[in-house]
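Computed from the coordinates by the stated procedures, all read-outs in this text should not be read as laboratory data. Owing to the predicted nature of the structure, the values given are computational and were not obtained by experimental measurement. As a convention, Cβ positions derive from the backbone with ideal geometry for all residues, glycine included, and neighbour counts pool all protein chains shown.
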Amino acid sequence: PFFTSLFFIPYDASNFSRIRLAIKLKLSKAYQRNTEKKYDVGRLADPKRKTEYSTKLRKSLQKLEQDESDIQRRWSEIREAYCKTAEEVLGFIKHHRKRWISDETWALIAERGEIKAKMLQAKSNT
């Protein structure tokens, strides 16, 4: 059903750009990145943080009402307690992006360019 709406458009040269645009729009919607932040659960390896997290979580869950009539509201309260505690104690993962090409590699690339230039110069002189 991904392209079902496209099959009803008769194909001719005037519709080609419209079809291509429709496909691009559908693909961009299908492949949107997940921008949800992730908690740094690696910090739970530290025993102090683990006990702090469990005690804070236990306290926040005890504060919740024991009303089971509205399950949806109860679930959102429980989820909020977990998320709030994780944000306070663990924090979010910080992505430290590495450079793809190091300075040494850039130096080698520049050196290669110089060697190629010398080779081309030598060929043109002969």
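Each residue of segment 43-51 was assigned a 3J(HN,Hα) from its phi angle through the Karplus curve 6.51 cos²θ - 1.76 cosθ + 1.60 (θ = phi - 60°); the sequence is 6, 6, 5, 6, x, 5, 5, 5, 5 Hz, with glycine and proline shown as x.
Available extension along the chain between Lys59 and Trp75 is 4.1 nm, counting 0.36 nm per residue and deducting the alpha carbon span.
Extents of segment 35-95, taken as max minus min of Cα coordinates on every principal axis and listed largest first, are 40, 29, 13 Å. Positive end of the dipole of segment 35-95 (Cβ unit charges, origin at the Cα centre): among Ala45, Val89, Thr55, the Cα lying farthest that way belongs to Ala45.
Assuming charge only on the beta carbon of Lys and Arg (+1) and of Asp and Glu (-1), the dipole of segment 86-126 about its Cα centre is about 360 debye to the nearest 20.
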